[in-house]
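A short worksheet on the structure shown next.
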Amino acid sequence: MAKRIDGKAIAAQIKEELKEQVQQLAKDNITVTLAVIQVGQDPASCVYVRNKQRTCEELGIHSLSYELEETTSEEKLLSLIQELNAREDVDGILVQLPLPGHINEKDVLNAIDPAKDVDGFHPYNVGALSCGEEGFVPGTPAGIIELLKRSDIRIDGKECVVIGRSNIVGKPIAQLLLAENGTVTIAHSHTVNLKEVTKRADILVVAIGKRQMIDAEYVKPGAAVIDVGIHRDEANHLCGDVDYESVFPVASAITPVPGGVGPMTIAMLMKNCIESRRRRL
Ligand code: GUN
């Protein structure tokens, strides 16, 4: 039987540690500030943005909220980013994705000062991760590494298979596992014989975006399984890319959805904001 990795509890512990760090900085009159920009009212984005703001409050991080109309021009958004780049008091700038179709996402992400890019989406930070230099790592993959470490799951020398090759999760988690000396394979929608590939994994990271697709047949007995997916099942309950009931008896450790990777993403974002302030002191 697998050990259920409690992401909610681990994230709570990290947030406590971060709260103490914020309080220490406050003693020297140093505040940490995150600016969150949302364009339009995508319902999922509204939930994510609210969660980020609430977590800022919990930790004592100052948050600035910019809720722009769906019809906001790219020019206007870029000029807001320039203004925030120039502000000494702003440590992190986060533009919630997805953006409306008339705005070029790449142009927007490239406009953020890499030193304030707490989402780690700017090409500078993507490159820094790739060559092992100091930068910002996106919250979800950073959170996965933290979950593994705090659950005493060794990465060094292990077969790690990542399913999914997105810029936000698949590619950066592969880089991080490699940096931890894992033997890393990235599988994706064109992979032939996916089950054969995933069955090699000691650590299987699933970020495919297909509801409950990965069942016990894809999993080597004793593997640690990390589920990055988030969906709703027929009963409207949250579920992941992994069929939890099927995989639980086979794996040695598994993250649930909800309460696995999800809570870690925001905790790591907050960590990046504090880190940004420290680096710019
Ligand atoms: N949309 C979905 N996930 C994310 C994220 O981690 N950051 C931002 N900015 N937008 C997102």
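The values are calculated or read from the model by the stated rules, or taken from the named source; none is laboratory data. What you are looking at is a predicted structure, and each value in this text was computed from that prediction instead of being measured. A quick note on method: Cβ atoms are made from the backbone with ideal geometry, for glycine too, and the neighbour counts reach across all protein chains shown.
Worth a mention:
- Conditions (1) within 13 Å of the ligand (Cβ to nearest atom); (2) part of a helix (DSSP H, G or I); (3) under 19 Å from the mean Cα position of the chain (by Cα); (4) of a type outside the set (S, T, N, Q); number of the one not met by ARG54: (1)
- Members of segment 210-230 found to be under 9 Å from THR198 (Cβ atoms), of a type outside the set (A, V, I, L, M) and assigned to a loop (DSSP other than H, G, I, E, B), listed by number: LYS220
- Of all residues in segment 202-228, those being out of contact with any helix residue (DSSP H, G or I) (no Cβ under 9 Å at 6 or more places or on another chain) and either over 19 Å from SER166 (Cα atoms) or without any contact (Cβ under 8 Å) to a residue 24 or more places away in the chain (or both) number 3.
- Annotation note: Cβ proximity below 9 Å between a residue of segment 82-101 that is free of Cβ contacts under 8 Å to residues at least 40 places away in the same chain and closer than 16 Å to ARG280 by Cβ and a residue that is assigned to a loop (DSSP other than H, G, I, E, B) and more than 16 Å from the ligand (Cβ to nearest atom) (sequence gap 6+ or interchain) occurs for GLU88/ARG280.
- Among the residues examined, LYS8 does not qualify as touching a Ser or Thr at 6+ places or on another chain (Cβ under 8 Å) and at pLDDT 95 or above.
- Which listed residue, of ILE81, ILE10, ILE61, is crowded, with 18+ Cβ neighbours inside 10 Å, under 18 Å from the mean Cα position of the chain (by Cα) and of a type outside the set (Gly, Ala, Ser): ILE10
- So LYS15, is it more than 16 Å from the ligand (Cβ to nearest atom) and either touching a Cys at 6+ places or on another chain (Cβ under 9 Å) or in contact (Cβ under 8 Å) with a residue 60 or more places away in the chain (or both): yes
- Among the candidates VAL108, VAL90, the residue that is within 12 Å of the ligand (Cβ to nearest atom) and surrounded by fewer than 23 Cβ atoms within 10 Å (Cβ to Cβ) is uniquely VAL108.
- Where VAL47 falls short, out of the listed (1) aliphatic (A, V, I, L, M); (2) away from the ligand (no atom under 16 Å from the Cβ); (3) assigned to a helix (DSSP H, G or I): (2)
- Filter result (assigned to a loop (DSSP other than H, G, I, E, B), touching a residue at least 12 places away in the same chain (Cβ under 8 Å) and surrounded by fewer than 19 Cβ atoms within 10 Å (Cβ to Cβ)) within segment 154-183: ASP156, GLY157, ARG165, SER166, ASN167, GLU180, ASN181
- Hey, VAL32 touching a Gly at 6+ places or on another chain (Cβ under 7 Å) and farther than 27 Å from GLY240 by Cβ or not: no
- Condition broken by THR265, with the remaining ones in (1) of a type in the set (Ser, Thr, Tyr); (2) more than 17 Å from the chain's Cα centre (by Cα); (3) not in a loop (DSSP other than H, G, I, E, B) satisfied: (2)
- Matching residues, segment 102-142, being within 19 Å of VAL169 (Cα to Cα), in contact with a Leu (Cβ under 9 Å, 6 or more places away or on another chain) and part of a helix (DSSP H, G or I): GLU105, LEU109, PRO123, LEU129, GLY139, PRO141, ALA142
- When residues of segment 19-45 are limited to those that are under 17 Å from the mean Cα position of the chain (by Cα) and at pLDDT 95 or above, the one farthest from GLY101 (Cα to Cα): LEU34
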